[in-house]
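S.K.: Once you've had a glance at the structure underneath, I'll fire off some questions.
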Amino acid sequence: MIPELIATTSTQSWNPFAPFGVTSWEPFVANIIAFIIMVIILRVFAFKPIQKMLEVRRQRIIEGEEMRAESEQQLADVQKTTKEILAKASQDGMRQIKEAKQAADKLIADKEIEAGKVARDIIEKSKEAAELEAKRAQEELKGEFARLVAMATAGVTGKVLNEEDRSRINREVIDSIRS
């Protein structure tokens with residue numbers, strides 16, 4: 001086989017691609033060179049800029065994901081803080097309501113005690129006034145009774161009583177009423 005190859009090469013120009021069915025290797029090599037040049041041109045002017053653009057987009061996507069994660073964390077922190085503030089405000093509000101109720105209850109109790117004292121004072125003063133009025137009325141009645149007794153005595157005895165007689169009769173009547 002090798003001698004046949006050598007024999008065929010001596011009569012024709014040497015073609016290393018003949019076993020592959022390529023009859024002329026010059027156009028094949030020219031196509032390969034054109035292909036390589038095209039790959040280099042595409043790589044320099046198309047693939048590298050596209051790769052740079054894709055890298056920039058990938059970085060933006062990574063930054064966006066990081067920012068999203070950071071935003072989610074901040075949102076979670078804000079929600080947690082909000083819940084804590086609302087819970088604290090609720091507790092403070094409940095405490096203030098409780099304190100206000102206690103203060104109102106204490107004020108009501110104090111006012112009730114004060115009203116009770118005022119009512120007792122009024123009742124006491126009323127009783128004192130009634131007792132004084134009753135004593136005054138009793139004194140008036142005693143005086144009137146003594147006068148009536150003196151008049152009756154004067155009418156029965158037919159004698160006009162002088163001031164000394166009236167005083168003595170009044171004392172005797174008053175003493176008898178008291179005992």
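S.K.: Let me confirm something: among GLU139, GLU124, which residue is among the acidic types (Asp, Glu), within 60 Å of the chain's Cα centre (by Cα) and either surrounded by 10 or more Cβ atoms within 10 Å (Cβ to Cβ) or closer than 30 Å to GLU164 by Cα (or both)? If you could, list the steps in order and put the result at the bottom.
M.R.: Numbers: GLU139 fails: within 60 Å of the chain's Cα centre (by Cα).
It is GLU124.
S.K.: Then there is this: Is there a residue being in a helix (DSSP H, G or I), loosely packed, with under 10 Cβ neighbours inside 10 Å and out of contact with any Asp or Glu (no Cβ under 6 Å at 6 or more places or on another chain) anywhere in region 83-106? Outline the logic, then answer.
M.R.: We begin by selecting, within region 83-106, every residue in a helix (DSSP H, G or I); these are 83-106.
Cutting the leftovers down to loosely packed, with under 10 Cβ neighbours inside 10 Å gives us none.
No: zero hits.
S.K.: Select from region 123-163 the residues that are at pLDDT 90 or above and β-branched (Val, Ile, Thr) and list them in ascending order.
M.R.: The one that is at pLDDT 90 or above and β-branched (Val, Ile, Thr): ILE123.
The values are calculated or read from the model by the stated rules, or taken from the named source; none is laboratory data. Please read all numbers here as calculations on a predicted model, not as lab measurements. Neighbour counts are summed over all protein chains in view; Cβ atoms, including those assigned to glycine, are modelled from backbone coordinates with ideal geometry.
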